[in-house]
Amino acid sequence: MWNTIKKNLDGYPERLKVARVLVENGLSVREGKIYLNQIEIPPVRIARVAGVDRRTVTETTRIIRANSELKSLFELIRSAGHSLKEIAKPLDLGVVEITPIDARIPGILANSAMILTNGGLNIRQAIVDDPELSPEPKLTLIVQKKIPGELIPELLKVNGVSKVSVY
């Protein structure tokens, strides 16, 4: 997906910044306007986050609307929903963040989930960064209670895992 966006906005680094903000936040572009699901977001807000002028945001949405390849991507993007990661501590949830050697190695999510499940932990949420969009993709698993220390070495043994952080 990101390769398609780069190909169509190549040579315009500020427009790429706008596109990155849109994608990272699950914002869609429909009929020349920016939406977070059903909530319209003013271009000036996107401009502030992207560090560009409001006119750059408006021009980027115009280009997206005029380009069938970009339009088909950006019309359908939706927010993936809320993440429990930031509020895990007050909710007494456990969080493990797994950094892969290569996010394309199969089985990292399945094997990590199995270790947590076999350790008696119920997974409440799994968040996986897309390797095309994130320079350092991670797998974040949020479980119903603190993660016991003895599970960390097991997680580190999973094929393709580089680093494990527990919060």
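The values are calculated or read from the model by the stated rules, or taken from the named source; none is laboratory data. Being a predicted model, the structure only gives us computed values, none of them experimental. Quick reminder, even Gly has a Cβ in these numbers, built from the backbone with ideal geometry, and neighbours come from all protein chains shown.
Annotations
- The sole residue among Leu121, Leu73, Leu116, Leu109 that is in a loop (DSSP other than H, G, I, E, B), surrounded by 12 or more Cβ atoms within 10 Å (Cβ to Cβ) and not small (Gly, Ala, Ser) is Leu121.
- So Asn67, is it farther than 26 Å from Ile127 by Cα and touching an Asp or Glu at 6+ places or on another chain (Cβ under 9 Å): no
- Qualifying residue in segment 50-59 (condition: on the phi < 0 side of the Ramachandran plot, surrounded by 14 or more Cβ atoms within 10 Å (Cβ to Cβ) and of a type in the set (Ser, Thr, Tyr)): yes
- Residue in segment 28-40 that is among the aliphatic types (A, V, I, L, M), more than 20 Å from the chain's Cα centre (by Cα) and surrounded by fewer than 20 Cβ atoms within 10 Å (Cβ to Cβ) present: no
- Some residue of segment 88-104 being buried (at least 17 other Cβ atoms within 10 Å of the Cβ), outside the structural domain of Thr140 (by TED's automatic domain parsing), outside any loop (DSSP other than H, G, I, E, B) and in contact with a strand residue (DSSP E or B) (Cβ under 7 Å, 6 or more places away or on another chain): no
- Residue within segment 106-115 that is over 29 Å from Ile39 (Cβ atoms), aliphatic (A, V, I, L, M) and at pLDDT below 95 present: no
- Just one of the numbered conditions (1) without any contact (Cβ under 8 Å) to a residue 40 or more places away in the chain; (2) more than 18 Å from Lys71 (Cβ to Cβ) is not true of Gly32: (2).
- Segment 86-114: number of residues that are β-branched (Val, Ile, Thr) and under 12 Å from Ile147 (Cβ atoms): 3
Here is a yes/no grid of residues against (1) more than 30 Å from Asn159 (Cβ to Cβ); (2) in contact (Cβ under 8 Å) with a residue 40 or more places away in the chain; (3) of a type in the set (Lys, Arg):
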{"site": "Ala50", "(1), (2), (3)": "yes, no, no"}
{"site": "Asp53", "(1), (2), (3)": "yes, no, no"}
{"site": "Val57", "(1), (2), (3)": "yes, no, no"}
{"site": "Thr60", "(1), (2), (3)": "yes, yes, no"}
{"site": "Arg65", "(1), (2), (3)": "yes, no, yes"}
{"site": "Ala80", "(1), (2), (3)": "no, yes, no"}
{"site": "Pro100", "(1), (2), (3)": "no, yes, no"}
{"site": "Ser112", "(1), (2), (3)": "no, yes, no"}
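- Of residues in segment 1-24 being surrounded by fewer than 15 Cβ atoms within 10 Å (Cβ to Cβ) and not β-branched (Val, Ile, Thr), the one farthest from the chain's Cα centre (by Cα): Gly11
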